[in-house]
Amino acid sequence: MLRLTKQLQEFIASSSDFKILYSCGNASPTMRIFILDSSFNPPHLGHLNLINHALRFNRLENDSQRLIMLLLSVNNADKKTPRPETFANRLEMMYLMVKEIRNQHPNIGQINLAVTKHAKFVDKSVSIIDYLKSCNCYQNQPLTFLLGFDTLVRLLDPKYYVPDKLSDSLEDFMNTTNLFCLTRNFDNSSLSIQSNYISEIKAGKHPHIPCHWSNNILVVDNDDPEFIDISSSAIRSQINLGDTAWKLNLIPQIKDLIISDNFYHEDQNNIESKNGTA
């Protein structure tokens, strides 16, 4: 993984705002482009489940007409420092996830591992479209961002766009983007509330969100209870508590890497320090 680390360092030092660090397969202008943008801290079966749901739901194309992109931002609108695991280590885990996606979907046209310096979806989208245009792989087809419901709520939260209006900030983005969202256990949002969210937007019950955006957003029930509770933060918490249940929520290759390279040990050390045991 030294190659990915070197590319990451070069990207951070450069003026570029988007870069593909690893790619397998071939891209063409006719592809539907699925983008999973996450902190991948660590990548888990919930991420894989979201990708698989999106691929099953969109059956208009064959696999060779699809591009999957795992996207990591080195900046975050909420989190200013890369904790608890480094970007380089996350990329190593993402690389293993790319390999697993290829194993499960051998006919997918292309799978990319990419990084960006942008924190907001609207800026990420512009960078990706510019890149696709530069390699003649864009013919005005909408990008499809894959989201959990908690991420969808943050995306449509006006506080991230102040002093501008949400409607002004995201209008161009929504004209070039589809959002595929899976329900999940999220704060106090019941599954019925999540499932009704788009119909509420369409009916004007969320005044800050334009009604016509509902045409570009799809919320799908996560029908597999095995994956609905998985989150990276829960996995990190289980590791810190010595609860081995976390191992069931990762592909074996990532689980083995976390154990062999002692990932998230800084988190453990911080807890021990607070408890006076270090």
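The values are calculated or read from the model by the stated rules, or taken from the named source; none is laboratory data. As the structure is a computational prediction, the values presented were derived from the model and not from experiment. Positions of Cβ are backbone-derived with ideal geometry, glycine not excepted, and every protein chain shown enters the neighbour counts. Areas reflect the complete protein model, heavy atoms only, side chains present, ligands, DNA and RNA absent. Shrake-Rupley method; radii C 1.70, N 1.55, O 1.52, S 1.80 Å.
Just need the relative contact order of the chain here, percent rounded to a whole number, with Cα pairs under 8 Å and 6+ apart.
Details: 395 pairs, mean separation 62.1, N = 278.
Worked out over the chain, it gives 22 percent.
Using a 1.4 Å probe on the protein heavy atoms only, what accessible surface does Val162 show? Give it in Å² to the nearest 10.
Counting only protein heavy atoms, Val162 exposes about 110 Å² to solvent.
Could you tell me how far the Cα centroid of the stretch 185-246 sits from the Cα centroid of the stretch 26-55, in Å?
Each part reduced to its Cα centre gives a spacing of 17 Å.
Gaussian network model of the chain, Cα springs within a sub-10 Å range: biggest mean-square fluctuation belongs to which of Asp221, Asp63, Asp261?
Comparing Asp221, Asp63, Asp261 in a Gaussian network model of the chain, the most mobile one is Asp261.
Top mean-square fluctuation among Pro163, Pro42, Pro142, Gaussian network model of the chain, C-alpha springs under 10 Å?
Pro163
According to a simple spin-label model (label point 7 Å from Cα along Cα-to-Cβ), what is the distance in nm between Arg154 and Gln9?
Result for the modelled spin labels: 2.9 nm.
Which longest uninterrupted range of the chain lacks any GluC sites (Glu not before Pro) assigned by DSSP to a loop state (not H, G, I, E or B) and surrounded by at most 15 other Cβ atoms within 10 Å? Let's see the in-between values first.
Values: sites that count: Glu61, Glu226.
Formally, the longest exposed-site-free interval is 62-225.
Between Thr30 and Thr86, take the C-beta separation as r, use R0 = 35 Å, and let me know the FRET efficiency to the nearest 0.05. Provide the component values of the computation, followed by the final result.
Working: r = 37 Å, r/R0 = 1.06.
In this case the efficiency is close to 0.40.
For the cross-link pairs Lys19/Lys117; Lys117/Lys165; Lys6/Lys124; Lys19/Lys133; Lys99/Lys124, which exceed 19 Å when the distance is taken from alpha carbon to alpha carbon?
Details: Lys19/Lys117 9 Å; Lys117/Lys165 23 Å; Lys6/Lys124 22 Å; Lys19/Lys133 14 Å; Lys99/Lys124 24 Å.
Result: Lys117/Lys165; Lys6/Lys124; Lys99/Lys124 exceed 19 Å.
Which residue, Asn103, Asn89, Asn75, tops the fluctuation ranking in a GNM of the chain built on C-alpha contacts under 10 Å?
Between Asn103, Asn89, Asn75, it is Asn103 that shows the largest mean-square fluctuation.
Given the chain, what percent of its DSSP beta bridges are antiparallel, to the nearest 5?
Details: 8 of 35 bridges.
Approximately 25 percent, going by the DSSP bridge assignments.
Would you mind telling me the share, in percent, of accessible area of the chain contributed by carbon and sulfur at probe 1.4 angstrom?
Values: 6560 of 13460 Å².
Looking at the chain in its full context, I get 49 percent from C and S.
Can you tell me, using C-alpha contacts under 8 Å and at least 6 residues apart, the relative contact order of the stretch 81-206 as a whole percent? Write down the numbers at each step before the final one.
Details: 66 pairs, mean separation 26.3, N = 126.
Relative contact order comes out at 21 percent.
Order of 13-20, 248-255 by packing, highest average Cβ count within 10 Å first? Intermediate values should be presented prior to the final figure.
Values: 13-20: 13.6, 248-255: 18.2.
Going from most to least packed, we get 248-255, 13-20.
How many Å² of accessible area per residue for the chain, probe 1.4 Å?
Numbers: 13460 Å² over 278 residues.
Value returned for the chain: 48 Å² of accessible area per residue.
Quick one: which residues, 5+ away or cross-chain, put their amide H under 5 Å from the amide H of Arg66? H built at 1.01 Å from N.
The answer is Arg32, Gly109, Gln110.
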